[in-house]
Structures are given as C-alpha cells and as structure tokens.
Amino acid sequence: MAINKNESAVRRALLVEDDEGVRRSLQLLLHWRGYDVRSYAGAASALTSGDVESADLLIADFNLPDGTGLDVLRSLRNRGWRGRSILITGFHTAAIEADARAQGFDSVLEKPLRQQTLLAAL
C-alpha cells in the first residue's frame, strides 16, 4: 500500500493558551488542518512536557497565568528550537507587537481570532 507523502509528514503544534474555550477551539482547528496538537494552559506545563522539541509550530497567548508567550518562545529558542511561532493576545498594543517581533515571533494576532487570519499565519 502506497503512503501519501502528506500523511507521512506529521506536523506538530504546541499550543499554550489559558482560556479553555479558546484552547479547545484552536486545537480543533489545528487538528482539522493536519496538525498533531499538544495543548497546555500555562508556560511551565508546556515547557516541562517533553513535547516542545518535536513541535513545528508554537501558538502562545501573550498573557498566561505563569508568564507570557514571550517567555515560552525565549525558553524554546534558548534550547535551539527554530519552528514557526504565533503570538495571540487580547491586549494588542504597538509595544507588545514590537517586543514579540524582537523576540522572534513570526506573527502577532489579536483576539478574538478570526479563523481566516490564523489560517493565513500558518
């Protein structure tokens, strides 16, 4: 039986979002787009999970109960992780955008997220 090339290349996403409803919605959307998603409610649980090094994509909320999405990406970059990264925030400001870009985020998206905007950022 032939294996479809797309099926053999599993894309993995690390999702760090403290709002359960948003986290679940994003998890379903990413799964629908072909990602194997590991989701966490906080920075510490995500960073100690063992899933981070295999992720191709990080989507992190700016404001987390135990830090920020900037902290998550900084820790990953210090470990040598080089995947694509998207910061989501309900408190979008020019300063947050500048800090996120300086930290290395590829995209900064404002909540409430529009599905098309997120899909375009992937």
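Readers should treat all values here as calculations from the given coordinates under stated rules, not as data from a laboratory. As the structure is a prediction and not an experimental result, all values here were calculated from the model. We place every Cβ from the backbone using ideal geometry, glycine too, and count neighbours over all the protein chains shown.
Structural remarks
- Longest site-free stretch - the chain; sites: trypsin sites (Lys or Arg not before Pro), DSSP loop, at most 16 other Cβ within 10 Å: 34-78
- Tensor-based shape of segment 18-72 (alpha-carbon gyration tensor, a/c under 1.5 rounded, otherwise prolate or oblate): oblate
- In the chain, helical runs assigned H by DSSP with n ≥ 4 each contribute -39500 (n - 2.57); averaged across all residues and rounded to the nearest 500, the mean residue ellipticity at 222 nm is -11000 deg cm²/dmol.
- Fraction of the pair-distance distribution of the chain above 21 Å, Cα-Cα pairs, percent: 33 percent
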